[in-house]
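What follows is a set of notes on a single structure, which appears directly below.
The values are calculated or read from the model by the stated rules, or taken from the named source; none is laboratory data. Keep in mind the model is a prediction, meaning the values are calculated, not measured. Glycine gets a Cβ as well: all are built from the backbone with ideal geometry, and neighbour counts include every protein chain shown.
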Amino acid sequence: MNLARFLAEDRVDLALDEAFDEEHPVTSESLATRMATLLQRSPDIGNPKKLTLDLINREKQAPSLLGSGVALPHVRTMQARKLIMAIGIAHHGLDIPTPDGEPVRLVVAFVGPPYDDRNYLLAYKRLGEKLEEPGWIDEIVASSVPGEVLRALSR
């Protein structure tokens, strides 16, 4: 499965760490909100406010901070007409509690409709395979333009 087909360049944030500061600290909720903002750039999103709430509520139930510098906020929601991804890269790392204490450098958010289990699960599995590839996370984080992120996802 080519994950790049679920992403567009306007849903790649190469400076995610700049969205947070002392006035606006990073939390699971603020990170989910920022990623929802990127996802909302897709024309296949219904109600943007409801999408944000769905993603925040999912993160409250079970935060998707995986460790190894990766967060994977995701939710099945009627606000997504099809599977949609957004990627945020924090070159300096986000100081948010993770299982292994590593700062989050890569955030991959995805949403899909609840009736499309097949694509949702296939994408989740494929993303897991990518995350286990040696050097793949570093390659994504080193990207200087959104096109490089899409190319790395398509391999």
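Give the residue that is nearest to ARG126 (Cα to Cα), with candidates limited to residues of the range 1-17 that are assigned to a helix (DSSP H, G or I), touching a helix residue (DSSP H, G or I) at 6+ places or on another chain (Cβ under 9 Å) and charged (D, E, K, R).
The residue in question is ARG5.
Just checking, does the range 54-76 include any residue being more than 19 Å from SER30 (Cα to Cα), hydroxyl-bearing (Ser, Thr, Tyr) and surrounded by fewer than 12 Cβ atoms within 10 Å (Cβ to Cβ)?
no
Is it the case that the range 18-36 has a residue that's farther than 24 Å from GLU133 by Cα, modelled with pLDDT of 95 or more, among the hydroxyl-bearing types (Ser, Thr, Tyr) and assigned to a loop (DSSP other than H, G, I, E, B)?
For the range 18-36, residues farther than 24 Å from GLU133 by Cα, modelled with pLDDT of 95 or more, among the hydroxyl-bearing types (Ser, Thr, Tyr) and assigned to a loop (DSSP other than H, G, I, E, B): absent.
Between a first residue in the range 88-114 that is more than 16 Å from ALA62 (Cβ to Cβ) and a second residue that is assigned to a strand (DSSP E or B) and of a type in the set (Lys, Arg), which pairs have beta carbons less than 7 Å apart while being 6 or more apart in sequence or on different chains?
Close Cβ pairs (under 7 Å, with a partner that is assigned to a strand (DSSP E or B) and of a type in the set (Lys, Arg)) amount to ILE89/ARG105; ALA90/ARG105; GLY93/ARG105; GLY112/ARG76; PRO113/ARG76; PRO114/ARG76.
Quickly run through the range 62-101 and pick out the residues that are among the polar types (S, T, N, Q) and either over 20 Å from PHE20 (Cα atoms) or touching a Gly at 6+ places or on another chain (Cβ under 6 Å) (or both).
Listed by number, the residues that qualify are SER68, THR77, GLN79, THR98.
Residues are listed down the side, and each one gets a yes or a no for (1) hydrophobic (A, V, I, L, M, F, W, C); (2) farther than 23 Å from ARG41 by Cα:
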residue	(1), (2)
ALA80	yes, no
ILE89	yes, no
HIS92	no, yes
ASP95	no, yes
PRO99	no, yes
PRO103	no, yes
ASP116	no, no
ASN119	no, no
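Which one is surrounded by the most Cβ atoms within 10 Å (Cβ to Cβ), of the residues in the range 77-89 that are of a type outside the set (A, V, I, L, M, F, W, C) and over 15 Å from GLU139 (Cα atoms)?
Result: GLN79.
Give me the residue from the range 90-121 that is among the hydroxyl-bearing types (Ser, Thr, Tyr) and over 21 Å from HIS24 (Cα atoms) and, out of that set, surrounded by the fewest Cβ atoms within 10 Å (Cβ to Cβ).
TYR115
What number goes with the only condition from (1) surrounded by fewer than 17 Cβ atoms within 10 Å (Cβ to Cβ); (2) under 19 Å from LEU131 (Cβ atoms) that GLU9 does not pass?
Answer for GLU9: the failing condition is (2).
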